[in-house]
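Q: Sharing a structure below in structure tokens format, with a few things to ask.
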Amino acid sequence: MKTVAHEDQPQEEWRAGVQTRMHVSARNGATQLCIFEQWVEPAVGAPTHWHPVEEVLTVVAGKAEMWIDEERVVLIPGQSLVVPAHSKHGFRNVGSEMLHIHAVLASPIFEATFDGSPKMVRRWLPASL
């Protein structure tokens, strides 16, 4: 039986104003998904990007503007956005407090392609790679 202590997982600065803590991924034995949290400063977020798999973004604290293609919505704590695979999406903190997001991606490796970049970003690969 595999257990993971979330507080033992390191936080890393993904981009200025965004701290990420990966809880479960291929790096610590997951085979089907990754689960992570992000803490996002006001006016900061994730630029438009897409994943080859489905993602669910849940607002834990704060207020987030999220988008899929041209459709935009503001989410508050206790609300989630289901992002279909291959859909261009992103978010930003539109509140004055820290935005806390919980995310689940239907892959044990985080893979994303950002608008304007031909290269795919891959994170949290298995330790053996």
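The values are calculated or read from the model by the stated rules, or taken from the named source; none is laboratory data. Just so it is clear, the structure is predicted and the values come from calculations on it, not from any experiment. Because the Cβ atoms are built from the backbone with ideal geometry, glycine has one as well, and the counts that use them run over all protein chains shown.
Q: Which one of the conditions (1) out of contact with any Lys or Arg (no Cβ under 6 Å at 6 or more places or on another chain); (2) surrounded by 15 or more Cβ atoms within 10 Å (Cβ to Cβ); (3) touching a residue at least 24 places away in the same chain (Cβ under 8 Å) does LEU75 fail to meet, given that it meets all the rest?
A: In the conditions (1) out of contact with any Lys or Arg (no Cβ under 6 Å at 6 or more places or on another chain); (2) surrounded by 15 or more Cβ atoms within 10 Å (Cβ to Cβ); (3) touching a residue at least 24 places away in the same chain (Cβ under 8 Å), LEU75 misses (3) alone.
Q: Please find, among VAL73, VAL94, the residue that is in contact with a Phe, Trp or Tyr (Cβ under 8 Å, 6 or more places away or on another chain) and modelled with pLDDT of 95 or more.
A: When all the criteria are applied, what remains is VAL73.
Q: Of the conditions (1) closer than 19 Å to ALA26 by Cα; (2) surrounded by 14 or more Cβ atoms within 10 Å (Cβ to Cβ); (3) out of contact with any Lys or Arg (no Cβ under 7 Å at 6 or more places or on another chain), GLY90 satisfies every one except a single condition; which number is it?
A: Unmet condition: (1).
Q: Can I ask one more? Go over the candidates LEU99, LEU33, LEU75 one by one and state the one that is within 26 Å of LYS2 (Cβ to Cβ) and among the aliphatic types (A, V, I, L, M). Show your work before the answer.
A: Numbers: LEU99 fails: within 26 Å of LYS2 (Cβ to Cβ); LEU75 fails: within 26 Å of LYS2 (Cβ to Cβ).
Exactly one of LEU99, LEU33, LEU75 is within 26 Å of LYS2 (Cβ to Cβ) and among the aliphatic types (A, V, I, L, M), namely LEU33.
Q: Let me ask you something else. Please enumerate the residues belonging to region 96-129 that are in contact (Cβ under 8 Å) with a residue 12 or more places away in the chain and either of a type in the set (Ser, Thr, Tyr) or out of contact with any strand residue (DSSP E or B) (no Cβ under 8 Å at 6 or more places or on another chain) (or both).
A: SER96, SER107, THR113, LEU125, PRO126, ALA127
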